[in-house]
Amino acid sequence: MKKIVFTVAVVAVALAIGKVAQQNQVQAQQSNTAGGLFPNDFGPASIDVSSYPKQYQETYKVFLEKCSVCHTIARPINSQFLEMSEAEQAQMKKTQPELFKDPKILQIDPHIWSRYVHRMMDKPGCPVGKDGKRIWQFLVYDSIARKTGKNFAAWEKTREKLVKDFKVQHPARYKELFDEGQ
């Protein structure tokens, strides 16, 4: 009798896990449909983190595993988001004012990654869980490392191409996202 109860319990747990996985897959598919596309989705889907501090190299693996469940990993990697405090922004406006010229290239805000990670974590079935803070810290570090300083020109070129190609390939969605006349 105990064996039957245990077997039924195992089957029930497996079915529940399968249902959650299926729901996550459907959510991922829905977020990747034409209505949910972003220019970011068409850029590189990996980052060379070999020069990053060890903690961020380790968190990158967690980020890939957790965040790719619901959307393309290219989406956050190629995002225009850059999280900097007001003081950091003031300093950057003096040393690198080009960062602030086009929000399609860089959208700079003191809490932008924090808000987005929390927003994702609030979605049903989000696997981020206790790793949210680490993922947020990674995204902040990575964005500054890849999108500012000597790397800005390469970032700007990549991002401009993504936005330009997206406008041609998905004009209605581009207008929805970026139409300045709204």
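May I ask for the net charge around Phe166, where only other residues with Cβ less than 14 Å from the Cβ of Phe166 are counted and Lys, Arg are +1 while Asp, Glu are -1? Write out the running numbers ahead of the final one.
Numbers: positive: Arg75, Lys104, Arg159, Lys161, Lys164, Lys167, Arg173, Lys175; negative: Asp41, Glu160, Asp165, Glu176, Asp179.
For residues surrounding Phe166, the net value is +3.
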So which lysines pass the test for Lys101, namely a Cα distance under 25 Å, with those fewer than 8 places away in the same chain ruled out? Lys93, Lys147, Lys150, Lys157, Lys161, Lys164, Lys167, Lys175
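Grab the Cα-Cα distance for Ala154 and Leu64, subtract it from 0.36 nm times how many residues apart they are, and report the gain in nm with one decimal. Provide the component values of the computation, followed by the final result.
On the way: separation 90, 0.36 × 90 = 32.40 nm, distance 2.27 nm.
Gain on extension, Ala154 to Leu64, equals 30.1 nm.
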Whichever aspartates and glutamates have a C-alpha closer than 14 Å to that of Lys54, once near sequence neighbours (fewer than 8 apart) are set aside: Asp142
Any chance you could run the full-extension gain for Leu177 through Ser85? It's 0.36 nm times the residue separation minus the Cα-Cα distance, nm to one decimal. 30.6 nm
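Throughout, read-outs are computed from the coordinates displayed, never taken from laboratory work. Keep in mind that this is a model prediction, so the values were computed, not measured. For neighbour counting, all protein chains shown are included, and Cβ atoms are generated from backbone atoms with ideal geometry for every residue, glycine included.
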